[in-house]
Amino acid sequence: MNKRKTLKKPINSLENMPSLKAKNKVKFTELKASKRMRNKKYVSKALFECLAANDTEGFKEILRVYLELENKEQFAKETGIPRRTLFRLLSKNGNPTLNNISKIIYQLSS
């Protein structure tokens with residue numbers, strides 16, 4: 001009986017990847033995503049870029065993360081979008097209307 005051929009171990013993997021050393025005077029800063037996602041201007045810009053790139057899933061994901069960090073009920077009141085509608089548009093099959101999208105971006109950019 002013939003032996004079945006298997007793939008060899010990948011040449012490039014995290015285990016055999018060479019490590020790089022930074023220059024002596026280089027300072028690293030820790031990226032804190034939660035701090036950045038609380039910045040309304042940053043979030044509104046990211047949402048607008050998703051719209052420009054026709055990335056509806058990215059739009060919903062960014063908005064979902066923002067709302068996990070913020071008070072959802074307060075955001076719903078500020079935008080004038082009912083809380084139930086807000087959660088529905090974030091669902092997998094959610095399809096936000098242009099009216100709701102504009103309210104969200106207006107609230108975040110103001």
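Can you name every residue in the stretch 92-110 that is polar (S, T, N, Q) and either over 22 Å from Glu49 (Cβ atoms) or assigned to a helix (DSSP H, G or I) (or both)?
The first filter runs over the stretch 92-110 and keeps only residues polar (S, T, N, Q), leaving 93, 95, 97, 99-100, 102, 107, 109-110.
Within the stretch 92-110, Asn93, Asn99, Asn100, Ser102, Gln107, Ser109 meet the criteria.
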- Item | the stretch 52-72, subset over 13 Å from the mean Cα position of the chain (by Cα) and of a type outside the set (S, T, N, Q), residue surrounded by the fewest Cβ atoms within 10 Å (Cβ to Cβ) | Ala52
- Only listed residue being acidic (Asp, Glu), touching a residue at least 24 places away in the same chain (Cβ under 8 Å) and out of contact with any Gly (no Cβ under 8 Å at 6 or more places or on another chain), chosen from Glu70, Glu61, Glu30, Glu57: Glu70
- Query: In the stretch 73-87, what residues are exposed (fewer than 14 other Cβ atoms within 10 Å of the Cβ), more than 15 Å from Lys40 (Cα to Cα) and of a type outside the set (Asp, Glu)?
  - Reply: Lys77, Gly80, Pro82, Arg83, Arg84
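Do you know which residues across the stretch 12-41 are within 21 Å of the chain's Cα centre (by Cα) and modelled with pLDDT under 70?
Hit for the stretch 12-41 is Leu31, nothing else.
The values are calculated or read from the model by the stated rules, or taken from the named source; none is laboratory data. Owing to the predicted nature of the structure, the values given are computational and were not obtained by experimental measurement. FYI the Cβ positions are ideal-geometry reconstructions off the backbone, even for glycines, and counts take in every protein chain you see.
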